[in-house]
Amino acid sequence: MNFINFGSLNIDKVYTVPHLVKEGETLSSVSYEEYPGGKGLNQSLALAKSGAQVFHAGKIGKDGLFLKQQLALAGVNVEGIDEDGLITGHALIQVAPTGDNCILLYGGANKEITVEQIDQVLEDFHADDFLVLQNETNYLEYLINAAYKKGLTIAFNPSPISEDIKDLDFSKIDFLILNEIEGQEISGACSPNRILDHLLSIYSNLKIVLTLGKNGVIYKDNVQEHKQEIYNVKVKDTTAAGDTFLGYFLSMISQKPDVKYALNIASKAASLAVSRKGSSSSIPILAEVLGKD
C-alpha cells in the first residue's frame, strides 16, 4: 500500500520568545532558527519514518529546494514536487518556554498547484493507496473528487481551519483527523462527544480521530470507539506533534486494522516529538517509538 501526500512544503522560521506576542506588543526574540516544515512535509516525514512508502506531491520555489532534499533523504519519493513556484510557502513560528507556539502562514507556491499537476500525479495511484490532505494547499475539492473516483482511501486533516472547509463533501473522506477546535468549527458542537456524534450522524462513513491535547485522543466510527491517554514527557516544542501523530496513526492502521494499537504507537511518537525542539527534525523513527516504555 502506498501513500500519496498532496501536501504543503514550507520553510519554518522559528523565533524563541519569552512569551507569545500579545496584541500591540513588540517583543525581542531570544533566538532564530530555520527548519524544513509545512504540515504536508511533516506528515510525509512521519509516514516515511514509520516505515510507510510515501510519494509527496506539491510545489515550491527555487528558495525551497532544500525541502525536497530533506524529504528525499528520508526516503520519500519527490518526483511529484514542482519547483516552478514564485516563492516557497513559509511559516513564522513563535515558541515560548512552555513549549506553546503560534504560527503565521504564507501559502506561496502551495497555493499555485494546478489541476493538470493533480491529474498527472494521480494517474499512478490506485484503489489500494491512501491520499493524505491538509488545508494548506489549493484545489482541495478537486483533489478529493478525483481521488474518490479512483477509489483511493482519503485521509484529511482540516488544518489550518477555514470557513470553506464546511463546503467540502465529507462523505467522500474516509479518515478525518482533527483537533477539538477544528471539530467545533466544522460541527458547531461544543464538546468532544457531541462533535463526534454530530459528524457521524451526518457522515456515517467517517472514521474520526479527535485529538484533545493533554486529554489524549478519541477514535470513533459507526462501529467502535477508543480512547488513548497521552504519554507524559517534558515538553520542549509542540510544533510537529499533530503531524507526527497523524503520520504514525495512518501508517499503523494501513498495516493492520487495529485502532487501539495505532493510537498507542501514534501517541508514543507524538510524545517523543514534543520532547524535542524543532518541527520536522523532532519526528522520531520507528525504532525509537517501539523502544519507548
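Values quoted throughout were computed directly from the atomic coordinates according to the rules given, and no laboratory measurement underlies them. This one's a predicted model, so the numbers in the text were calculated from it and none came from an experiment. Positions of Cβ are generated from backbone atoms using ideal geometry, with glycine treated the same way; all protein chains shown enter the neighbour counts.
Remarks
- Inter-label distance for Q120 and V30, nm, one decimal - labels placed 7 Å from Cα along Cα-to-Cβ: 4.6
- Environment charge of G242, counting only residues whose C-beta is closer than 11 Å and scoring Lys/Arg +1, Asp/Glu -1: -1
- Charge sum, other residues only, whose C-beta stays under 12 Å from A109's C-beta, Lys/Arg counted +1 and Asp/Glu -1: -2
- Cα centroid of the stretch 50-124 to Cα centroid of the stretch 175-231, whole Å: 27
- When the chain is treated as a GNM with alpha-carbon contacts under 10 Å, the residue of A266, A109, A127 showing the greatest mean-square fluctuation is A127.
- Straight-line reach from K39: taking Cα to Cα under 16 Å and skipping same-chain neighbours fewer than 8 places apart, the aspartates and glutamates in range are D12, E136, E182, D237, D243.
- Shown for the chain are the DSSP H helices of 20 Å or more along their axis, judged by Cα atoms, with a mean Kyte-Doolittle hydropathy of at least -0.5: 241-255, 259-274.
- Computed on the stretch 171-293, with alpha-carbon pairs under 8 angstrom and 6+ residues apart, the relative contact order is 19 percent.
- The stretch 100-244 - percent relative contact order, Cα under 8 Å, separation 6 or more: 16
- Taking Lys and Arg as +1 and Asp and Glu as -1, the other residues whose beta-carbon sits under 13 Å from that of L86 total -2.
- Label selected from (i) 1.68; (ii) 0.94; (iii) 1.06, the criterion being Cα Rg over 2.2 N^0.38 Å as computed here: (ii)
- Residues of the stretch 138-161 with amide N under 13 Å of a point placed 7 Å along Cα→Cβ from D174: 147-156
- Anisotropy class of the stretch 59-172 from Cα gyration tensor, a/c 1.5 cut: oblate
- Antiparallel DSSP beta bridges within the chain, as percent of all bridges there, nearest 5: 40
- Rough spin-label spacing in nm, given labels placed 7 Å along Cα→Cβ, for S162 and V21: 2.2
- For the chain: relative contact order, % (alpha-carbon pairs under 8 angstrom, 6 or more apart): 18
- Unit charges on C-beta of K, R, D, E only; dipole of the stretch 86-179, Debye: 180
- Among the listed pairs K49/K292; K22/K166; K166/K220; K234/K277; K68/K256; K149/K172, those with a Cα-Cα distance over 18 Å are K22/K166; K166/K220; K68/K256.
- Phi-derived couplings, Karplus 6.51 cos²θ - 1.76 cosθ + 1.60 at θ = phi - 60°, listed residue by residue for the stretch 216-221: x, 8, 10, 10, 8, 9 Hz, with x used for Gly and Pro.
- Counted over the stretch 1-56, the DSSP beta bridges are approximately 65% antiparallel.
- From its DSSP helices (H runs of at least four residues, each -39,500 (n - 2.57)), the chain gives a residue-normalised ellipticity at 222 nm of -9500 deg cm²/dmol.
- Linear extension gain, L290 paired with S204, 0.36 nm per residue minus alpha-carbon span: 27.7 nm
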